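Peer 1: Could you have a look at this structure, given as structure tokens, before my questions?
Rule-based calculations on the coordinates, nothing more; no lab input. Computed from a predicted structure; not experimentally measured. All Cβ positions, glycine included, derive from the backbone under ideal geometry; neighbour counts span all protein chains shown.
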Amino acid sequence: MASVLIPRRVLDSIDSVHCESAGAADLRTLDRSEQFCDKWIHVHNELSVDETLVEQFEQQGISEFEAQRRAAAALSANAWEQLTDSPRVVVHPVPRYADELRP
């Protein structure tokens, strides 16, 4: 299984994260998961992720950079699930700069 290294510059481009419930998470759990996932992403200098995860995002028609950003968010959700017995959450990266929101 090949992996992709997500560099610090990609992680630094994430201002924060937004979490949505994939099950029955309440608002308190979502707040806690957002705090955890945001901190988890920003304590790493780089992340190693399965190449197929990045490819899945790229197949949706987004750039490699955005695919890596979304993969980092997905990894943080996996870490949250492994460390808690809370309901599953879906994590979305929030870009640091507004111009990154343009198509």
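Peer 1: For region 3-101, calculate the relative contact order in percent as a whole number, restricting contacts to Cα pairs under 8 Å that are 6 or more residues apart.
Peer 2: Relative contact order here is 46 percent.
Peer 1: Write out the trypsin sites (Lys or Arg not before Pro) in region 23-103 meeting two conditions: DSSP loop, and at most 16 other Cβ atoms within 10 Å of their Cβ.
Peer 2: Arg88, Arg96
Peer 1: Right, another one. In the chain, if every C-alpha pair distance is counted and binned at 5 Å from zero, what percent goes to each bin?
Peer 2: P(r) over the chain, rounded to whole percents: 2, 14, 24, 23, 20, 13, 4, 0.
Peer 1: Filter the chymotrypsin sites (Phe, Trp or Tyr not before Pro) in region 13-103 down to the DSSP loop ones having no more than 16 other Cβ atoms within 10 Å, then list what survives.
Peer 2: Counting only loop positions with at most 16 other Cβ atoms within 10 Å, the chymotrypsin sites (Phe, Trp or Tyr not before Pro) in region 13-103 are Tyr97.
Peer 1: For helix 64-83, what angle does its Cα long axis make with the longest principal axis of the chain, in degrees from 0 to 90 and rounded to 10?
Peer 2: 30
Peer 1: Moving on. When the helices in the chain are scored as -39500 (n - 2.57) per DSSP H run of 4 or longer and the sum is shared across all residues, what 222 nm value do you end up with, to the nearest 500 deg cm²/dmol?
Peer 2: That calculation yields -15000 deg cm²/dmol at 222 nm.
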